[in-house]
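Since every read-out is calculated from the coordinates, none of them should be taken as a lab result. Values in this document were obtained by computation on a predicted structure and should not be read as measured data. So basically every Cβ, Gly included, is an ideal-geometry build from the backbone, and we count neighbours across all protein chains shown.
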Amino acid sequence: MLTTTIASQSTSSYSISTVPIFFCGTTSLTMVTTPTKKACIIQLKDLGLTDHEVANKENVNHSTVSRVYVRYGETHNFYDKRPRSGQPCKLDMYDTQIALQMLANSSAQDVTDLKCKQFPMLSIDTVCQQLKWAGLNGRI
């Protein structure tokens, strides 16, 4: 069981008590490295401190210091998120350009018509989403 120490001040004296910390449904504490903490880690590493010294100062694991420094040490873009893997796009830029041209020169009147003529194997939602990413906001 983890505990934390809380200090409180009454009118004439200080009181220190130990309070247990309970975790619901988990046995390990998952720490989130905030952008502010990442900036502090980079700044301390740039000052020449070792990974272990920075880890002790920032209350993180030394491997977190190493990982943050490798990832953000050069760019200093602490809000950068890694692209995640997922379903690949069904339409590429060429297909999107064809769709935009068909809508522009009235070869297709709407997304449903475009889907039937050019992309019969895709759903209307997929075509709409790709057009939205290209800057067109349409409705079915």
Exercise. Quickly work out the ALA104-to-THR33 label distance, labels modelled 7 Å from Cα along the C-beta direction, and quote it in nm with one decimal.
Key: 4.5 nm
Quiz item: Taking the Cα-to-Cβ direction at GLN97 and at ARG84 and moving 7 Å from each Cα, how far apart do the two end points lie in nm?
Solution: 3.1 nm
Quiz item: About its Cα centre, how strong a charge dipole does region 33-83 have in debye, to the nearest 20, once Lys and Arg get +1 and Asp and Glu get -1 at the Cβ?
Solution: 240 debye
Practice problem: Multiply the residue separation of LEU49 and LEU136 by 0.36 nm, subtract the distance between their alpha-carbon atoms, and state the gained length in nm to one decimal. | Solution: 26.3 nm
Practice problem: With no solvent and one equal point scatterer per Cα, compute the Debye intensity ratio I(q)/I(0) for region 93-133 at 0.14 Å⁻¹ and report its log10, rounded to two decimals. | Solution: -0.23
Quiz prompt | Approximate shape of region 33-83 as ellipsoid semi-axes (Cα gyration tensor, √5λ), whole Å, largest first | solution = 17, 11, 9
Quiz item: Taking θ as phi - 60°, what are the ³J(HN,Hα) couplings along region 49-55 by the Karplus curve (6.51, -1.76, 1.60), each to the nearest whole Hz, with x for Gly and Pro?
Solution: 6, 7, 4, 5, 5, 5, 4
Self-check item: Sequence-distant lysines (8 or more away, or on other chains) whose Cα lies within less than 20 Å of LYS45
Solution: LYS37, LYS57
